[in-house]
1. Relative to the Cα centre, what is the charge dipole magnitude of the chain, using +1 at the beta carbon of each Lys and Arg, -1 at the beta carbon of each Asp and Glu, and rounding to the nearest 20 debye?
2. Which value, in debye to the nearest 20, gives the size of the charge dipole of segment 37-161 about its Cα centre, when Lys and Arg are +1 and Asp and Glu are -1 at the Cβ?
3. State, to one decimal in nm, how far the label point of ALA239 lies from the label point of ASP59, with both points 7 Å from Cα in the Cβ direction.
4. Below 8 Å between Cα atoms, with a sequence gap of 6+, how large is the relative contact order for segment 295-348 in percent?
5. Between ASP119 and ASP326, with labels modelled 7 Å along Cα→Cβ, what's the label distance in nm to one decimal, could you check?
6. Can you tell me the FRET efficiency between ARG163 and ARG274 if r is taken as the Cβ-Cβ distance and R0 is 41 Å, rounded to the nearest 0.05?
7. Where in segment 267-285 does the amide nitrogen come within less than 17 Å of the point 7 Å from the Cα of SER209, taken along Cα to Cβ?
8. Kindly write out, for segment 325-330 in residue order, the coupling ³J(HN,Hα) from the Karplus curve 6.51 cos²θ - 1.76 cosθ + 1.60 (θ = phi - 60°), rounded to whole Hz, with x marking Gly and Pro.
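Every number here is computed from the coordinates shown, using simple stated rules; none is lab data. Not measured: the values here are computed from a predicted model. Here the Cβ is made from the backbone with ideal geometry for all residues, glycine too, and neighbour counts use every protein chain on show.
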Amino acid sequence: MASSATRADPARPGPTGFIAFVSERQPERDVYLVPAAGGPAERLTTAPGDDYPAAVSPDRRTLVTVRAETRADGAHRERLELLVVLGERGRERGAPPVFEARELTSPSGRWRNPVWLPDAGAVVAESDRDGFVALYRVPLDGRAPERLTDDRTGSFDPSVDPRGAFVAFASSRDGDAELYRLDLGSRELRRLTWSEGDDATPRFAPDGSAIAYTSLRRGAFRAYLMGPDGAHPRPLLGAADAAEGAETGFLAHEELVWSPDATRIALVERRTGRASVRVIRVADGVELAHTEGPHDQTPVWSPDGAFVALASDRSGDVEVYRMRADGSELVALTSSPGADWLPRWIAE
């Protein structure tokens, strides 16, 4: 279990690749890159506006970012951009990759929560560019975004299954927030949840075997699992979750992230006055690791599933950390005035 920074074990293979994150060390928020093994951080974005790392491509070589700008007339505009790794020729192993920025959408309303299709030919994202929040398929070849949903109550938090056949999302079209699955070929819509409380943030398992999500059906948002068709919903933590009561200060489960092998889920658990990252084994709901805050957030897995990166304010300022998936070897990767957060792991 991780509680403070610890030394790495030289007998165990270390992390590879780089971690992109947003930093507030400049007047505007920019995307930076730091080696996962440790080292100096490099600034990737410099254009006017605030930039946020959003989604890494299936091969971990391209990063979708959100750029937000407020114009002189007060209008707020956002757009999606790509940070694409240029050719590897001539780059020494361990040296930071060189990225080229490419505009993916024009500035128009808000763009949020992009997720990649498995063929890497497009992303699905939510936007209010047409006056209400809908899901759009955004091709990477320059073609115009295609609207996938049209309910004016809004469609949120898309997740694409590993075959690229379905997108799951949250919507209040039938009253309270429920989860739905859209067939990207036939456009057939299927409702997945039927609970009295709101359901949110669906996340397909990397092998397509299940969907993780959060549900308000028991007075607070808790982590649940169900089949990809909505069958057999159950609490992720099983009996341990059922034992939780108001006296524990439990507030919510948030930010569910599957491990690459679909055997574990990292999540943020919020309790009164603190937030921790927990790693849960999917098969039986057993906790494998947890951090001890005070406020830890935004966990993300390494490509091999051996490490988890996160943001934490344990040093007094929000910084990016890395730990092994068992909670050991917690290491600070950044140290600068201004918050560093929202890590995204990029392959070597």
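1. Details: 43 positive and 55 negative charges, 67 e Å.
The dipole magnitude comes to about 320 debye.
2. Numbers: 18 positive and 22 negative charges, 56 e Å.
Dipole magnitude for segment 37-161 comes out near 280 debye.
3. Label-label distance for ALA239 and ASP59, simple model: 4.8 nm.
4. Numbers: 109 pairs, mean separation 18.2, N = 54.
34 percent.
5. Once both label points are built, they end up 4.2 nm from each other.
6. 0.60
7. Counting only backbone N, you get 280-285.
8. Residue by residue, segment 325-330 yields 5, 8, x, 8, 6, 6 Hz.
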